[in-house]
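Structure first, commentary second.
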Amino acid sequence: MGKKGNVAIITGASSGMGREFAVQIAQNYPSIHEFWIVARRRERLEELQEKLLGRRVKILALDLSRQEGIDTLEKALAEEQPRVRILVNAAGFGIIGKIGKMKEEDCTGMVDTNCRALTAVTHITLPYMTEQGQIIQMASSAAFMPQPGFAVYAASKSYVLSFSRALGRELAGRGITVTAVCPGPVKTEFFDIAETYEAVKLYKKLTMARADRVVYQALVDAKHGRSVSVYGSLMKGFRILAKFLPVDFLMLFVK
Ligand SMILES: NC(=O)C1=CN([C@@H]2O[C@H](COP(=O)(O)OP(=O)(O)OC[C@H]3O[C@@H](n4cnc5c(N)ncnc54)[C@H](OP(=O)(O)O)[C@@H]3O)[C@@H](O)[C@H]2O)C=CC1
Ligand SMILES: CC(=O)[C@H](N)C(=O)O
């Protein structure tokens with residue numbers, strides 16, 4: 001399995017945008033013959049398998065925040081030597097709340113999953129990526145400026161954006177593109193966990209985008225080799241503001 005056809009590896013495939021990436025890639029990329037779908041909830045991955053239009057599917061029910069999860073993926077890669085055409089790193093989570101007011105493992109867990117796991121998955125998959133391969137990293141508009149009350153999450157996404165842009169330059173010689181996806185709030189199960197301590201702000205609730213549209217735009221941007229994908233004029237405008245206005249001024253509005 002894996003040696004003959006092109007493979008797409010998608011983490012965070014059990015819900016939200018990761019799941020949507022799998023469905024849209026299956027619909028629009030006939031050259032992808034096999035999917036490796038990764039997340040902790042096996043039953044969700046099994047349910048997704050039914051939607052992947054008869055492609056070969058490898059289900060990897062792994063916790064990527066743990067080294068065992070990364071090791072298992074690395075072993076599967078070494079055994080099967082897949083030709084990876086698309087890697088989507090969508091596994092991630094965020095918890096709204098102030099440092100010191102939430103459990104320590106909730107704070108550091110965001111770093112473990114959003115930064116460490118994403119870096120590790122990218123690192124171990126790179127040797128198997130084909131020329132013209134695409135790496136799609138779920139960052140966020142939260143990467144554009146610090147967010148008091150969502151500090152670790154926003155910092156973790158700044159890491160993803162910075163890492164992905166530099167990686168894109170490193171890989172240019174191999175013909176592999178890297179796209180950091182930076183949407184504003186998107187209506188997914190993300191907020192079930194995010195609201196563990198505090199509710200999401202009203203302005204975010206009112207501006208939530210649809211996951212299918214964000215993912216469609218991200219796939220178009222990745223196809224064009226764009227380093228950053230921002231869905232919607234609101235977030236495009238916010239990105240420009242965040243580039244030009246002083247951070248201390250901007251932070252007055254997200255307290
Ligand atoms: N929703 C939003 O507003 C936005 C989200 N993003 C980012 O997009 C990405 C996807 O989020 P979204 O689809 O909204 O959220 P969801 O909560 O719907 O999906 C998150 C996915 O990550 C997986 N995941 C979480 N932790 C782990 C882990 N330790 N090991 C393996 N898989 C894990 C979950 O699977 P399981 O629980 O089965 O392990 C799930 O499949 C995240 O990185 C998020 O930060 C970016 C901008 C906006
Ligand atoms: C959850 C997100 O990443 C979103 N962009 C936000 O800032 O709330």
Completion exercise
Yeah, the stretch 6-251 with a ≥ b ≥ c from its alpha-carbon gyration tensor (a/c under 1.5 is rounded, else prolate when a/b outruns b/c, oblate otherwise) is prolate
Completion exercise
Restricting to aspartates and glutamates and to Cα separations under 18 Å from residue 201, and discarding same-chain partners fewer than 8 apart, the set is 189, 192
Completion exercise
So residue 169 and residue 42, fully extended at 0.36 nm per residue minus their Cα-Cα distance, gain in nm 42.2 nm
Completion exercise
Ordered by fewest other Cβ atoms within 10 Å, a rough proxy for footprinting exposure, 161, 60 read 60, 161
Exercise for the section: Quick one: order 248, 106, 212 by neighbouring beta-carbon count within 10 Å, fewest to most. Expected result: 248, 212, 106
Practice task
Can you tell me the FRET efficiency between residue 192 and residue 251 if r is taken as the Cβ-Cβ distance and R0 is 25 Å, rounded to the nearest 0.05?
Solution key: 0.40
Completion exercise
Flagged as over-length at 31 Å C-alpha distance, from 51/75; 51/98; 58/236; 103/157; 103/223, the pairs are 51/98; 58/236; 103/223
Exercise for the section: In whole Hz, with x marking every Gly and Pro, tabulate ³J(HN,Hα) for the stretch 111-120 from phi via Karplus 6.51 cos²θ - 1.76 cosθ + 1.60, θ = phi - 60°. Expected result: 5, 4, 7, 6, 9, 5, 5, 4, 5, 5
Completion exercise
If 254, 214 are placed from fewest to most neighbouring beta carbons inside 10 Å, the sequence is 254, 214
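Readers should treat all values here as calculations from the given coordinates under stated rules, not as data from a laboratory. None of the values given here were measured: they were computed from a predicted structure. When we count neighbours, we look across all protein chains shown, and the Cβ atoms used for this are built from the backbone with ideal geometry, even at glycine.
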